Structures are given as C-alpha cells and as structure tokens.
1. Express in whole angstrom the spacing between the alpha-carbon centres of the range 92-148 and the range 3-38.
2. Which stretch or stretches of the range 140-161 have amide N atoms under 17 Å from the point lying 7 Å from T115's Cα along the Cα→Cβ direction?
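Every number here is computed from the coordinates shown, using simple stated rules; none is lab data. Because the structure is a prediction, the values reported are computed rather than measured. Glycine gets a Cβ as well: all are built from the backbone with ideal geometry, and neighbour counts include every protein chain shown.
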Amino acid sequence: MSSDGIIEAPGIILLIACLLRSSQYVIQSHVRKIKAFWLATVLVFVAVIRRELNYLPDLLVPSDFSFLNQSYDWWEDAALLTLYLTSVGLLIYSRRYLWAVLKNVDVSLYLGVATLAILQYMGENAIVFPHTFGGIVEELAETLIYLIALLYLWKFTLSDFESCLLHKLNDGLSHANH
C-alpha cells in the first residue's frame, strides 16, 4: 500500500459500501430507466475505486506489460473511458429520474460537497497547505465526500422515487393520448 494508504483505507471502505448500496438499487428497481441510473452509479463507483487504488498496477502488473502492442496504461485508460462514456450514456437515458433525484437534494449538501472538493483540490496541489499536510487534507476531504455519498444512498428511498417517476410517465402518456 502507498505511504498514505492508511488514511485512504476508510475512503475505500466507504466507496465499496456505496458501490454495494447502488448495486442493491439496481437489483431492486423494476423500471428500466431507473435501473439504468443505478447501473451508472455502480460504474462511477467502480471507476472511482480504481482511481483510489492507483498503487495496485505497480504491485500486480509487470512494468513491461504489453497486449496487442499497447501498454497497461493504455488499456487502463481505454477501460476507464469506456466506463465513463457508458455511465454518461446511462445517465442521459435515465435523465428524468436523474433530474428527480438531483432536484430533491438540499442545496446545502451541494455546497458542502463543493467546498470539500475545493479543499481536496487545494490539498492535492499544495495550495495554501504545505505539501505534507496537503495530502492529509486531500484524503480527509475525499473521505468526507464518500461518507456524505454513503449517508445519502443509505437514506435514499428507492420506492418513493420509483413511484413518482412512474406517476409522471403515466401522466405524460395520458396527455399524449388526449
């Protein structure tokens, strides 16, 4: 594990819990567009976990790895790009549900996460913070963001949003028929 692996461990545990909770929503959902939204969140959490575990390739992949004349880094970037594009496509497909979820979040939560993201960036790039302390600030801010995500996912009620979306879809269909 890297030098700050101990401070990264809680964040990774929280991310795995978020991944499991999102996976639970994929399984529980009965509406294809809602299932697509939660599958997108699963893919995002997989990508974030992979980025957090950035030291694994150094441990598991030989430095001279090559497949079809491409290095491991190329394959990793291609796989992550595929994950990102698939996630964006799924979110576009489920845009009504995405909007329903986003507009239900309190503005203070957005402000708090944005503040933590700025602190994370400042810590990572040693802006205002000394380099050694910046790494700690970065990891703590990330961990708090992951904790907020998990608490939101845990508190989230899938059935409320599913019935709300189904009601809106049914209203849209009834208006189209008249």
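1. Cα centres, the range 92-148 to the range 3-38: 16 Å.
2. 140-149
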